[in-house]
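The structure appears below as structure tokens.
The values are calculated or read from the model by the stated rules, or taken from the named source; none is laboratory data. These numbers were taken from a predicted model, which means no experiment stands behind them. In this analysis, Cβ positions are derived from the backbone assuming ideal geometry, glycine residues included, and neighbour counts consider all displayed protein chains. Remember, those area values only see protein heavy atoms, side chains included, never the ligands or the DNA or RNA. Shrake-Rupley method; radii C 1.70, N 1.55, O 1.52, S 1.80 Å.
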Amino acid sequence: MPNDTTGSLTDEEKSIVKSLLADGWRNQDIHALVNNGRKATVNFARITEVKQDDTIPLASDNTVELFKEKKRSYDPITGLNLFDDERLIRSREAMYVAVQVFNNPSVKFKTETFCVMAIIAWTYLLHEYYVRSNINIVNKQGKTFSLSYMLRRNDCPLRKGVIHNLEDMIEIRDAVEHKLFARADKKFFPLFQACCLNFDNSIRELFGESCSLRNDLDFALQFAKLDIEQISVVQDFDIPSHISSLDSELTGRRSEEEINDLEYRFRVVYTLESAPKSQAHIRFINPNSEEGKEIRHVLVKHKPSDQLYPYKPSHAAALVAERSGRHFSLHLHTKAWKKYRVRPPSGSPNPDQTDPDYCTYNSLYKSYSYSDAWIDFLVAEIATDSGYNQLKNFTESN
């Protein structure tokens, strides 16, 4: 990334400005070119200083031409540059292609193409995240990190529901290599829709609002106009047995909470309103709105928190010790929730942002409790000496 975070010219920029002045460029034209895409702009005085400094060498013609080409390669909407942000540009473009192919009525291989292109988009996205985090994305074999590897890393920036969605996308992609996926598009539509929405949320969170695709793809995988009869047909769609089998396998390994996670699989609630047939329509309810939450309470069987998360930290530590046969103290339990990021640190302004698979926050008592799945997970993690020692040696700087 260019070092343009201050209002001063870099040594390279000074040489280029010197050459542009020698070529007869006006100060205002140089000023406009240099500041294009710059994080911190420079003022006219910097150009004048270069003009008056005879010690500054002239840049080569190739260097000047490359500089001009880079400066003219900024996207005015996203601010991305083809030279400096190539991975992000490729990532966004791959997701565009995935969506456009899926929405193209003349394309018959929608599931296959969408999975492949979406995985490419996510791979570039996470590559850029790790590069900007100063992490080398090339392994010992000279290959860049695969998406599946990045999803397994403890420092992966994605939430659990997003990771689960992408794990299933990878499995569908792998299955495509061996089986025909005719008539599968509608079956996997909820996964694909969630994948698109997750992508836009993630690129905005990691790289800024300007990178969003939402202005271009209001509905990532567009919703066709449906009437009630069409909805019934979709629900009863004739899906080949091997596709139904894969879908059952994917959902069978997920808990009820994981399946209900909108970042894993997108779902829409249809509501009917009294209206003449000519004016009848379908409403899409935002699940995070008050109305959406009320509908969810009706449709999803509610279980009290103390049934889903019955264990306080000390009780959880004692159960892990009992079931694993290893010494497992409350201190180790604290290391565990930090290592696996199942709850925010003490004093967090958002104490309720827990991993719902394992932990919940009680706002009344200002305390955390844990699930059976958390106990099972920890017992499995420390089953080997290697896993146990990794946890014991964990520090927050790891």
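Taking the criterion of being under 27 Å from the mean Cα position of the chain (by Cα) and open to solvent by 30 Å² or more (accessible area, probe 1.4 Å), the residues of the stretch 377-389 that qualify are Phe377, Glu381. Counting only residues that are touching an Asp or Glu at 6+ places or on another chain (Cβ under 8 Å), within 15 Å of Leu391 (Cβ to Cβ) and either assigned to a helix (DSSP H, G or I) or open to solvent by less than 50 Å² (accessible area, probe 1.4 Å) (or both), the stretch 337-370 holds 3 of them.
Considering the stretch 62-119, the residues that are touching a residue at least 40 places away in the same chain (Cβ under 8 Å) and aromatic (Phe, Trp, Tyr) include one that is nearest to Cys211 (Cα to Cα), namely Tyr96. Set side by side, the residues Lys51, Lys68, Lys108 differ, and just one is open to solvent by 20 Å² or more (accessible area, probe 1.4 Å) and closer than 30 Å to Leu166 by Cα, which is Lys108.
For the criterion of being open to solvent by less than 40 Å² (accessible area, probe 1.4 Å) and over 17 Å from Leu308 (Cα atoms), His327 fails. Of the residues making up the stretch 76-104, those that are open to solvent by less than 60 Å² (accessible area, probe 1.4 Å), assigned to a loop (DSSP other than H, G, I, E, B) and either closer than 21 Å to Ile119 by Cα or not small (Gly, Ala, Ser) (or both) number 5.
Identify, please: which residue in the stretch 111-155 is part of a loop (DSSP other than H, G, I, E, B), in contact with a Phe, Trp or Tyr (Cβ under 8 Å, 6 or more places away or on another chain) and more than 23 Å from Asp85 (Cβ to Cβ) and is, among those, most open to solvent (accessible area, probe 1.4 Å)? Here the residue is Asn154.
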